[in-house]
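What follows is one structure encoded as structure tokens, with my remarks underneath.
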């Protein structure tokens, strides 16, 4: 589904991401972990097109997407959330999701002039809110909501695109135990429904439980890849996290 | 959106300082109000339509009433010949002391033939038969002409300032490479250099400068680190205003005039220069200022672009922003 | 009928409301900070002026052409706006309005600093419109503009604009192309402002470059922000109120700019959302009042009872 070859991103001499190669199969939950500053979010930014690549290839469902604009990549079917939530603060929760739902349908000037809160769009948006347990907050302004709700909103919004692949950037951080458990269930549901998921996470427990495969990044390079068990026992991974005299 | 970056009027402690704010405003209002008190008994017409709102209203009219403005008691007193059509509004100042000619009430007229006349406003007899003075600015050799085909010379009405003093002080001059450099020029260049070095030193090498830079990056973190944010902001306003004041004084000396709107264009250009230099980058702003100043002067002197000096400056700014949107020395 | 002075004030209020609505689309809805709406108003006004004087068009023939010209100008000025960051957009728009004003003054086609005069009146029911009839034309244009803006807000276009305004990066990863929608905003907003310009030109019947320069652009921005940026009610209220204010307070004529500046400062400190903006005191008071009113009519009691 997703093939990444030698992906590199340099910022003025410093390599934030360097020669990373991965392959993600359809329907997998693939984790990306690593110490802070390893370049994980930069890696996601490269995948979603938010920043341009210096070198390497990204092939998504057979199409090279390296040179595309972020909105084009989104329309091809890659959705993402952000490490620091970025909701549309002045809009309601429903409108936040409607924005994603409508983006799919309206692509030229005339369709853009169509009424946005049409019943079918509203119903799809509401269904997504129910799925992420946000239906209570439907008409609340995003700026007033707590972090846990906003994380779910980001996911609901990303789902509005009906993506084939979704990138979750630390979606579990800042959540309470209960909220995290609910989110784990949601992610599993998505996988059952056929979605491929790439996630960045710091919480080892969640990562090991949820992911089928894990890759470890350190200082921009991929230092290990395998099943959660393999990774847990890999000395290089431990060295990266704990320092080499561990 | 804009998120406070442009609209944020950063007055320290806005909530607690309500009384402070109102007091400051009231004091400012009083100062400005007292400056504008009409000093002369007779009403002068110093600018187009009497005031800066161009209203035409004369609130101090005492002589004319609806009963005496009629065909029998109101009409032309006198007419004077001039050398061209008049598009600018004639202006009136009372009790002007004209050296060698005594005190007159004067009507100033500017014509499309690039002449300015001063006539006595009350009568045309005896010594007042000819203009009190007149001057013509046409000088084809220096490039001062009227606009063909319809002869457009002085079209706009100026503003007369009875209280601005006219100094005819000759400042010392020096000839450098074929260009005359006056004392004022040296003072400007020297003063600016000193200020820039001092500013760079303060920002880079003092704790105040450090505090300022920290606050610029992230106010919350700076507070947590124990930096006095209010003091930094006050210092910034103080220093910035002082430097701007120095600039204003230099302009006043250079052009020998002060007027309330003299800072407008400079302000707009300054705002643009900050952006072009790369936000927050002092060196970039200075470089951009030099580029702007030099190219503006070169373009207006040696080319025929159909724009005013300020228009060309703004065009340069637009072009520079577009060429390097992150600023000359800004980071991508 | 109404006194001529009142008609003039009402007509001006209407004209500035239309322009304010245009700026509201660009800056309020789409978040593109624009200090140069004078460019679009001026394009509309001058296009109509030139078509009706030099090319013999009537008001109604020139109107759509002038609006199209402003829309094009909006598009053209929107292109450079795509390239610059948010903060630089303000400066870019300042630069553009000064360049525009300067070109209009110095290029030979536009009548120079003296502008274009003796514009014909609009025709209303076959004859040149009186000021009262013109007021009706302006009122019609205002109603149409309000309806159009309200519709745009509820349309997908409006939602895309608001997404871009809130967070451009987040909008991008949802598949919204910011460049396309920004250009739409500039074009449509400029069209409204151009309409205002045409109405202005044929009301005053005399256009000069100084009518559409930096200062008038700032006045319009102040109107929109004063009323409540991003809201239709705010733009119209701000325009009407700030057109009326100098008339009500003639005695502060020389200090008009002082009052303006002061108002803006105080407003930004205490009601940054504008007087009728979404979070403002006045608007919330109105909404609470309205809710209570409805509650009284349905249940007979002003407050809902809590179980």
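The values are calculated or read from the model by the stated rules, or taken from the named source; none is laboratory data. Treat the numbers as computed from the prediction; the structure is a model and nothing was measured. With ideal geometry, Cβ positions are generated from the backbone for all residues, glycine too; neighbour counts draw on all protein chains shown.
Matching residues to (1) over 23 Å from the mean Cα position of the chain (by Cα); (2) buried (at least 18 other Cβ atoms within 10 Å of the Cβ):
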position: C:122; (1), (2): no, yes
position: C:144; (1), (2): no, no
position: C:161; (1), (2): no, yes
position: C:174; (1), (2): yes, yes
position: C:195; (1), (2): no, yes
Could we say that residue A:149 is more than 9 Å from chain C (Cβ to nearest Cβ) and either part of a helix (DSSP H, G or I) or under 28 Å from residue C:188 (Cα atoms) (or both) here?
-> yes
Considering C:111, C:95, which residue is crowded, with 19+ Cβ neighbours inside 10 Å and in contact with a strand residue (DSSP E or B) (Cβ under 9 Å, 6 or more places away or on another chain)?
-> C:111
Test set (1) over 19 Å from the mean Cα position of the chain (by Cα); (2) crowded, with 24+ Cβ neighbours inside 10 Å - residue C:281 fails condition number | (2)
Considering every residue within the stretch C:93-114, establish whether at least one is under 25 Å from residue C:237 (Cβ atoms) and within 14 Å of another protein chain (Cβ to nearest Cβ).
-> yes
Give the number of residues within the stretch A:85-105 that are in contact with a strand residue (DSSP E or B) (Cβ under 9 Å, 6 or more places away or on another chain) and more than 26 Å from residue C:228 (Cβ to Cβ).
-> 1
Looking across the stretch A:98-109 at residues that are assigned to a helix (DSSP H, G or I) and farther than 13 Å from residue C:171 by Cβ, the single one that is farthest from the chain's Cα centre (by Cα) is A:109
Which pairs have Cβ atoms under 7 Å, sit 6 or more apart or on different chains, and link a residue in the stretch B:294-321 that is within 8 Å of another protein chain (Cβ to nearest Cβ) and within 18 Å of residue B:271 (Cα to Cα) to one that is surrounded by fewer than 17 Cβ atoms within 10 Å (Cβ to Cβ) and at pLDDT below 85?
-> B:310/B:265; B:312/B:305
If you check residue A:122 against the conditions, is it assigned to a loop (DSSP other than H, G, I, E, B) and either within 14 Å of chain C (Cβ to nearest Cβ) or more than 20 Å from the chain's Cα centre (by Cα) (or both)?
-> no
Taking the options C:179, C:190, C:239, C:171, name whichever one is touching a residue at least 12 places away in the same chain (Cβ under 8 Å), in a helix (DSSP H, G or I) and within 14 Å of chain A (Cβ to nearest Cβ).
-> C:179
Residue A:43, sole failed condition from (1) in a loop (DSSP other than H, G, I, E, B); (2) more than 14 Å from chain C (Cβ to nearest Cβ) = (1)
Qualifying positions in the stretch C:28-51 - under 15 Å from residue C:109 (Cβ atoms) and buried (at least 24 other Cβ atoms within 10 Å of the Cβ) = C:42, C:43, C:45, C:46, C:47, C:48, C:49
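Quick test for you: out of B:207, B:232, pick the one residue that is surrounded by 15 or more Cβ atoms within 10 Å (Cβ to Cβ) and farther than 25 Å from residue B:293 by Cβ.
Details: B:207 fails: surrounded by 15 or more Cβ atoms within 10 Å (Cβ to Cβ).
Only one candidate passes the filter, namely B:232.
Do any strands (runs of 3 or more DSSP E) entirely within the stretch A:165-226 hold 1 or more residues that are within 22 Å of residue A:128 (Cα to Cα), and if so, which?
Numbers: elements: A:165-169, A:196-200, A:213-218, A:221-226.
Strands (runs of 3 or more DSSP E) meeting the threshold: A:165-169, A:196-200.
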